[in-house]
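For reference, the structure is listed below as structure tokens.
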Amino acid sequence: MHAINYEAPKTLKDAIALLAQHGEKARPLCGGTDLIIQLRAGVRRPDHVVDVKKIPELREISFDLQKGLRLGAAVPAIEVYESADVRRYFPGLQEAAHLIGSNQIQSRASVGGNLCNGSPAADTTPALIALGAKCRVAGPKGERMVAVEDFCTAPGRTVLQAGEILVEFQIPVPARHSSDAYLRFIPRNEMDIAVVGVGTSVTLDLDDDRFVDARIALGAVGPTPIYAAKASEALKGKKIDSATIERAAKLAVEQSSPIDDMRGTAEFRRHLVGVLTRRTIGIAIERARLAERR
Amino acid sequence: MAAGTTEGSRFRVIGTRPVRHDGVEKVTGAARYGADYAFPGMLYGRVLRSPHAHAIIKSINVEKARKLEGVRAVVTSADLPELPDRIEQGGELPINLHHLSCNILARGKVLYDGHAVAAVAATSPHIAEEALRLIEVDYEVLPPAMTVEDAMAPNAPILLPSLRNKEDGPDKQTNVAAHVQFKRGDIKDGFSKADYVIERTFKTAMVHQGYIEPHNAVGIYNADGHATIYCSTQGSFVVRSLSAAVLGIPEGKLRVVPAEIGGGFGGKTTIYLEPLSVLLSQKTGHPVKLTMNRAEVLRATGPTSGGTIRCKMGATKDGKLVAAEVWMAYEAGGFPGSPVPMGAMCIIAPYDIPNMVIDAYDVVVNRPKTAAYRAPGATNAAFASETIIDELAEKCGIDPCDFRIKNGAHEGTPQTAGPPYKRIGMIETVEAIKNSPHYKSKLTGKNRGRGVATGFWFNIGFQSSAMVNIHNDGTASVVTGSVDIGGSRASMAIITAEVLGLDVKDVRPLIADTDAIGYTDVTGGSRTTVATGLAVYEAAQDAVRQLKERAAKLWEKKPEEVEFNNGMLSAKANGVKPMSIKDIVPRLGRTGGPITGRATVNARAVGPAFATTCVDVEVDPDTGKVSILRATVAQDAGKAVHPSYVEGQMQGGTVQGLGWALNEEYFYDSKGVLRNTGLLDYRMPTCLDLPMIETVIVEVPAPGHPIGSRGVGEVSIVPPPAAVANAIARAVGVRMTELPMSPGRVVKAILSKDGAAVASAAAD
Amino acid sequence: MPTVIVPALLRKLTDGRERVSVRGANVRQVIDDLERQFPGIKAHLVEDGDLKSGINVSVDGEMGIGGLLDPVNETSEVFFLPAIGGGTR
Amino acid sequence: MHKTAIETTINGERVEFLCEPRQSMLEVLRDVLGLTGSKEGCLTGDCGACTILVDGRATCSCLMLGVEAAGHKLETVEGLAQGANLHPLQQQFLENASLQCGICTPGFLMSAKALLERNPHPSEAEIRYALAGNLCRCTGYDKIVRAVLEASKATTSKAA
């Protein structure tokens, strides 16, 4: 590895100042499960590594029935998995957090890092998009909010400007009769990067027989994670039956634009988008029906 | 767990399960593996590797790298002697030292992505790595030949300009390094008698041994011209002879100290970093440690061949195999030497087939030079033949176990290469599966299926040395040159304790370096317990013989009047009080000095080994993902010396076979660059992908071996890919002919067949 | 007389014959007699005065360890086959 | 290259060391502190051979910088046994023949320790999940899973 400087600011202000000062030559470090590998491989060669784990705002996780979930960008995946609130209100996000690598990786990897790494295959990203999560970004010019689906711009690239830092995710309180699900397909049962990942949230009507709202998001089938707008719209207001679900699955396949690589052919990935869209809708419906009436 | 052995009480210690002698060091982190060695003033080395699959090296400029602060030396192939481009005679197996040297550091040409080009020593591994970035290599990139088909095509790019084969003659450049043929009976006549003939073409992917410990070596060059290498290897003597040859120094000036080894599976039977560590130490005057990272391991070491196998077999209606015809070509990697001759000798080895012809081709391709991998060549071969056997059984309407029993090889059946088998346990392993709780259980559920396959592997003998020392307190130590890769120290102690009548805890097993013990071949080829075990057995017998002589002296008897049983010396005469070893030890000084038993052997290749495996799978028809529900392996161990470690070999081999079956493969891009250079995308099974692996140890003693042991290290890897393929066929009605049977391939096969058949083929 | 079973690819040198009767009390003598009957075959089996590297000899189903020195009796069957390695290279 | 002084706790003892920021925790353990029980298998967090516990959680020490250790509690395989008394997991690995080459063993022991401390009586499925980040190429995992099951029986209500 090339020589680096390491700094661990304790406040958001200091972190922003450091990142702004070094610009392109600095890279924030959170769990390090992507960054350290990239440094070693020479894929990224920043002179300065700014450890953001000691900034309190980035480590907080809180939920209330007014504001919803605030999830600090540096909270490790394992804490997301263990959070009773996440388990209760956002089971899809919980399962996505639990799929990021092994226990060892989950101890370090954060949901924020998962997004900022800019990989289209990040497991938590489709789950966040499905939940309509927003990113609170702070920088030298102040703060701004960015929808998760707008955060990634290309493989390895995001909307973050020099000096900007992802502080937290804000996820609205789930509606009544709603729930979410995340599934990914991998060849093994653990330790693989998603060949395809699909996150889905649904809100049902009070009789549980129509979709009121839905959000479907796709991972690993394009240069960035994708909000499958047409597929999501296709569910809204429709009766819950296999024809409706099939139509949404088909639209999701159409919106995907996968490539051939060592993890799967484009053809196989498109096929999987259909399979996982159907399956996540099914799971989300079931959960919404069972969900505690709120 | 294992079925009990049928053999009764011939042995006292052999067949028991003591805690391994090196166990505590290995569970406390104290055991020293190659990368754990450190010496004062030690430098760190790194290797620059080719980014191209096939290129001419026009020039290498190392000046900038040399100038980096902390860099102490940079070497290229110009620093190594040029060796003759011919097969060396005298060894057991052919070796071309020019090829070996060119694989250590490329000379003139690079032949695969990852081919070593230069090496650096520096004061820290990070500086060495940064120095690699400063080495300027001017390549002329050539088109690569990545598959056997590419390389055998008429206008294929030629990898080795001097390579010739016998058939094409001295004038024709070629990528086909060798052709081997085996023939018996009349193939036309054979097929004319067949009622059913199945012919398919199979493809298998290049796979890696996947040992968790990357290669390592610490070289220390002494000003007097002697050098020492500390490294993790399966064969310290092989490292010594090959490294000496590559360095151009006499073997006697090199000492190799085998460290603990973190897995090998055949992949650590050759050399990569070892001579470089000495060369860099010689240039710098410091100890130099070289280690590979995982990407280097995958790009540049050991894989075993993928390739193409066309297999045609015929059987009569009543289920008798009558003919087999095989064409097979294996990827050798950048230099000749794939295991295709062994694959050819294994492919139909479990069966008695009167008419056969097998043609096998060793083909160089722009991939890493292959190294041995657990039953080299046999697993791909069995994937082909055992799939066809399964289909023939299905056509004949015969249970797959019964079909194998009916056609199974037995004592007297000619082997593929001609000589008749001695006593073997092929049929016994199939019967063990047939009678297993697993095979007798009913498999229910949709998209589930059960598959069976049998595998064969040889047992190599080769040379081993052993010493048994009797100590002052009546305990013993046993010293060998066989590196312990999976618990063999315990086996050596067990054999010694058995012969000397000692408690196994009173025997300390040691592994000596190349100057401290006589020549010993690699830990590989399923030979350690069989051949080194034989040397240990004889060395212990030698100690017993000496003990009897000493007792005879003390008792004023003839040695033949002294008996030795269960550790007690006795004579039939009146008034002679039996003595234990402990009793006689104080008297050794006056009767001739300490006792060391010694033996060296060149063991004949004794009983070959068979394994039969049964696998239940469930296929997700939407995604093509195959889950292993249950697996049982029955293997002929001859006589299990330490049954726990025999089971361990059976389970480990089975799981490697399952990984090969389902997900492991090398992905090269169109330019011949390896894409999956890490363990994220080179997908070996995790424990979450597996059930418990049930084992049945079959014991058909190997004739001619005093214990009856057969090698157990390899054969269990052979059946799983075919067993899984056969299970998938029963689960979803598709015959998979390409490895790995990854989800994409399986779902494609399912979707491309009649959709209706999917449901109907499912198990009830 | 001992019998040599000729490897498949060398049968072109023995007029296609698979089994050849030979004289000799060890492998060296057997090969010399084979060469007398079929000139040129020895070069495929012997180099630098020893069995070629990569070739193994089996006498009556027993893998040889003595190379050319292995004894052969009047009823022996002598096979030449590729050497097996479980990993020596 | 400038080095940073780091204060941390390793296996219950306060430790101070000097390291470069680019050195991983694994490198610090092995090359600076001489604790070579943690092994390097991949340097990408895919094999688990370098697993240590950081504040009780299993962590790949190859994916942690040495400088990040400041103020945390680290545990390595060297701290598992109490003097000459092996930890129940170590004992069960020996008795069940759960290691062949042994290179993955330290990592498995540490992952299993993290599991048993949170879940003293895990099911086979829970064990397999918790150990999925540790690769073993020798054993096929059977005897490793059995050892952890046995150790969980041996462990009394309070995890060791």
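The values are calculated or read from the model by the stated rules, or taken from the named source; none is laboratory data. This is a predicted model, so every value here is computed, not measured. Cβ: placed from backbone, ideal geometry, glycine included. Neighbour counts: every protein chain shown. The protein model used for the area step is the full one, side chains on, heavy atoms only, and it has no ligands, DNA or RNA in it. Shrake-Rupley method; radii C 1.70, N 1.55, O 1.52, S 1.80 Å.
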TODO: Take the alpha-carbon centre of region A:66-132, take the same for region B:242-294, and report the distance between them in whole Å.
DONE: 46 Å
- [ ] Label the protein assembly as shown by shape, choosing from rounded, prolate and oblate, from the square roots a ≥ b ≥ c of the eigenvalues of the Cα gyration tensor; if a/c is under 1.5 it is rounded, and otherwise prolate applies when a/b is larger than b/c, oblate when it is not.
- [x] prolate
TODO: Would you mind checking the tilt of helix D:105-118 against the longest principal axis of the Cα atoms of chain D, expressed as 0 to 90 degrees and rounded to 10?
DONE: 80 degrees
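Can you figure out the FRET efficiency of residue A:162 with residue D:7, using R₀ = 35 Å and their beta-carbon distance, to the nearest 0.05? Walk me through the numbers on the way to the answer.
Details: r = 33 Å, r/R0 = 0.94.
Efficiency, from the Cβ-Cβ distance: 0.60.
In terms of the Cα gyration tensor, with a ≥ b ≥ c the square roots of its eigenvalues, is region C:1-68 rounded because a/c is under 1.5, prolate because a/b exceeds b/c, or oblate?
On the way: a/c = 1.39, a/b = 1.22, b/c = 1.14.
Rounded.
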Open item on the list: Compute the helix-to-body angle for C:27-37: its Cα long axis versus the longest principal axis of chain C, expressed 0 to 90° and rounded to tens.
Closed with: 40 degrees
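Please work out the FRET efficiency for the pair residue B:753 and residue A:230, using the Cβ-Cβ distance as r and a Förster radius of 30 Å; give the result to the nearest 0.05.
Numbers: r = 32 Å, r/R0 = 1.07.
The value I calculate is 0.40.
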- [ ] Treat each spin label as a single point 7 Å out from the Cα along the C-beta direction, and report the residue A:247 to residue B:556 distance in nm.
- [x] 11.3 nm
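Please give the length that would be gained between residue B:549 and residue B:627 if that part of the chain were fully extended, namely 0.36 nm times their separation in residues minus their C-alpha to C-alpha distance (nm, one decimal).
Working: separation 78, 0.36 × 78 = 28.08 nm, distance 6.19 nm.
In short, 21.9 nm is gained.
Please give the net charge around residue B:74, taking every other residue with its beta carbon less than 12 angstrom from that of residue B:74, where Lys and Arg add +1 and Asp and Glu add -1. Could you put the intermediate results ahead of the total?
Working: positive: B:46, B:64, B:66, B:67, B:72, B:283; negative: B:63, B:79, B:136.
With Lys, Arg at +1 and Asp, Glu at -1, the net is +3.
Could you look at the protein assembly as shown and say what percent of its accessible area is carbon and sulfur, using a 1.4 Å probe and all protein chains?
Numbers: 22300 of 44730 Å².
Carbon and sulfur atoms account for 50 percent of the accessible area of the protein assembly as shown.
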Task: Nearby aspartates and glutamates by direct alpha-carbon distance to residue D:73 (threshold 19 angstrom, same-chain neighbours under 8 apart not counted) - done: A:51, A:79, D:7, D:13, D:16, D:27, D:55, D:117
TODO: Provide the solvent-accessible area of residue B:167, counting protein heavy atoms only and rolling a 1.4 Å probe, rounded to the nearest 10 Å².
DONE: 110 Å²
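Sum -39500 (n - 2.57) across every DSSP H segment of at least 4 residues in chain B, then divide by the residue count to get the 222 nm mean residue ellipticity, nearest 500.
Working: 21 runs with 205 residues, N = 764.
The helix contribution divided over chain B gives -8000 deg cm²/dmol.
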TODO: With runs of 4+ DSSP H residues as the only contributors, calculate the mean residue ellipticity of chain D at 222 nm using -39,500 (n - 2.57) per run, divided by the residue total and rounded to the nearest 500.
DONE: -8000 deg cm²/dmol
Task: Check: the protein assembly as shown dipole with +1 on Lys, Arg Cβ and -1 on Asp, Glu Cβ, in debye - done: 880 debye
TODO: Pop a pseudo-label 7 angstrom from the Cα along the beta-carbon direction at both residue C:50 and residue A:14 and give the gap in nm to one decimal.
DONE: 7.1 nm
Task: Cα centroid separation, region B:595-656 to region B:426-474 (Å) - done: 4 Å
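Would you list A:238, B:582, B:188, B:548 from the most to the least accessible area, probe 1.4 Å?
Details: A:238 85, B:582 135, B:188 170, B:548 65 Å².
Result of the area sort, largest leading: B:188, B:582, A:238, B:548.
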Task: Spin-label model distance (nm) - residue B:223 vs residue B:572, 7 Å beyond Cα toward Cβ - done: 6.8 nm
TODO: For a label point 7 Å from the Cα of residue A:206 along Cα→C-beta, name the residues of region A:174-194 whose backbone N is under 15 Å from it.
DONE: A:176-178
- [ ] Could you pull out every one of the lysines with an alpha carbon less than 26 Å from that of residue B:166, ignoring same-chain neighbours closer than 8 positions?
- [x] B:109, B:183, B:369, C:12, C:42, C:52
Open item on the list: In the protein assembly as shown, if the dipole is taken from +1 on Lys/Arg beta carbons and -1 on Asp/Glu beta carbons about the Cα centre, which of A:161, B:509, A:41 is farthest to the positive end?
Closed with: A:161
Task: Spin-label proximity, residue D:33 to region B:7-51 - amide N less than 20 Å from point 7 Å beyond Cα toward beta carbon - done: B:26-33, B:35-39
- [ ] Express in Å², to the nearest 10, the accessible area of residue B:395 obtained by rolling a 1.4 Å probe over the protein heavy atoms while all chains stay in place.
- [x] 110 Å²
- [ ] With everything on Cα atoms, drop me the angle between helix D:142-154 and the longest principal axis of chain D, reported from 0 to 90° to the nearest 10.
- [x] 90 degrees
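Counting other C-beta atoms within 10 Å, and keeping those with at most 13, which DSSP coil chymotrypsin sites (Phe, Trp or Tyr not before Pro) do you find in region B:200-241? Working shown, then result.
Details: sites: B:202, B:211, B:221, B:230, B:237; in loops: B:211.
Listed in order of number, the matching sites amount to none.
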TODO: For region B:69-140, run through the GluC sites (Glu not before Pro) and keep only the ones in DSSP coil with at most 15 other Cβ atoms within 10 Å of their Cβ.
DONE: B:69, B:82
Task: Alpha-carbon centroid distance for the pair region B:488-517 / region D:26-87, whole angstrom - done: 33 Å
TODO: Label chain B by shape, choosing from rounded, prolate and oblate, from the square roots a ≥ b ≥ c of the eigenvalues of the Cα gyration tensor; if a/c is under 1.5 it is rounded, and otherwise prolate applies when a/b is larger than b/c, oblate when it is not.
DONE: oblate
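Give the interface area between chains D and B as buried accessible surface, both sides summed, probe 1.4 Å, in Å² to the nearest 100. Present the calculation step by step, with values, prior to reporting the outcome.
Values: alone 8490 and 29070 Å², together 33290 Å².
Adding both sides of the contact gives about 4300 Å².
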Open item on the list: Just to be sure I understand: if you take the accessible area of chain B alone plus chain C alone and subtract the pair, with a 1.4 Å probe, what total do you get in Å², rounded to 100?
Closed with: 3100 Å²
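Determine the order of B:687, B:396 by accessible area, beginning with the largest, at a probe radius of 1.4 Å. Working shown, then result.
Values: B:687 0, B:396 25 Å².
The ranking, largest first, comes out as B:396, B:687.
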Task: Accessible area in the full protein assembly, largest first, 1.4 Å probe, for B:201, B:76 - done: B:201, B:76
Open item on the list: Can you return the lysines within cross-link range of residue B:577? Criterion is Cα-Cα under 21 Å, with same-chain partners fewer than 8 residues away left out.
Closed with: B:548, B:553, B:557, B:558
- [ ] Helix by helix through chain A, keep the DSSP H runs that span 24 Å or more along the axis on Cα and average at least -0.5 on Kyte-Doolittle, and give those back in order.
- [x] A:266-290
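To the nearest 500 deg cm²/dmol, what mean residue ellipticity at 222 nm is calculated for chain A from DSSP H runs of n ≥ 4 alone, each contributing -39,500 (n - 2.57), summed and divided by the residues? Could you put the intermediate results ahead of the total?
Details: 11 runs with 102 residues, N = 294.
Value at 222 nm, helices only: -10000 deg cm²/dmol.
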Task: Peptide B:82-88 - average C-beta neighbours from other chains (10 Å radius) - done: 1
Open item on the list: Using only the alpha-carbon atoms of region B:155-277 as identical scatterers, what base-10 log of I(q)/I(0) does the Debye formula give at q = 0.15, 0.20, 0.21 Å⁻¹?
Closed with: -0.90, -1.05, -1.08
